[in-house]
1. At 0.36 nm per residue, and after removing the present C-alpha to C-alpha distance, how many nm does the segment from residue 44 to residue 136 gain when stretched out fully?
2. For region 1-54, what percent of Cα pairs sit more than 12 Å apart?
3. Considering the values (i) 64; (ii) 55; (iii) 49, which represents percent of Cα pairs over 22 Å apart as calculated for the structure under consideration?
4. Before rounding to the nearest 500, sum -39500 (n - 2.57) across all DSSP H runs of length at least 4 in the chain and divide by the residue total; then give [θ] at 222 nm in deg cm²/dmol.
5. Find how much the distance from residue 86 to residue 29 grows on full extension, using 0.36 nm per residue of separation minus their present alpha carbon separation; answer in nm with one decimal.
6. Roughly how tilted is helix 5-54, in degrees to the nearest 10 and between 0 and 90, from the longest Cα axis of the chain?
7. Rank by packing, highest mean first: peptides 8-17, 73-82, 138-147, with packing defined as the count of other Cβ atoms within 10 Å averaged across residues.
8. For residue 8 and residue 20 in the same chain, what is the full-extension length gain: residue separation times 0.36 nm, less their Cα-Cα distance, in nm?
């Protein structure tokens, strides 16, 4: 009679080891897939971040931007009663430069002014808007805050991490 028990035990051990190795391979494939997806997402975020950074004026461009803002209003026929830069507001990554405004013009002129602000190459926001009618026929008074921003500390480009190719 041939004793095959040791060979059956060895076979069972090999099957167990094969199953463990297969699970490790499956997990590594999943990790690689998740890494690839995360890397693609990181690259997409970097592209978006870099485009937003380009929309924020440098400190030396802020004066030009103030001139452009007032020029847009004048071109639309608005009368500026107030154009007052306020103290800068420091945020974590940027500095906000609010400007208190009070303008008089028709509804269409005010809308064209707001639309013109959106065409500026640099980021500008319009907030705390209030519209009131005045005694002049067809004219409105708009008060609000126009904010411009600049980078507080230049943000370094994000580089994706190198894949770990070492054996574990």
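1. Gain in length upon complete extension: 28.0 nm.
2. Distances greater than 12 Å cover 76 percent of the Cα pairs.
3. Comparing each candidate, only (i) matches the computed number.
4. Calculated mean residue ellipticity at 222 nm is -16000 deg cm²/dmol.
5. Gain in length upon complete extension: 15.0 nm.
6. Long axis of 5-54 versus the principal axis of the chain: about 10 degrees.
7. Numbers: 8-17: 10.1, 73-82: 14.8, 138-147: 17.3.
Output ranking for 8-17, 73-82, 138-147: 138-147, 73-82, 8-17.
8. Full extension from residue 8 to residue 20 adds 2.5 nm.
No lab work stands behind these numbers, since they all come straight from the coordinates. Given the structure is predicted, the values throughout are model-derived calculations rather than measurements. Using ideal geometry, Cβ is built from the backbone for each residue, glycine included, and neighbour counts are taken over all protein chains shown.
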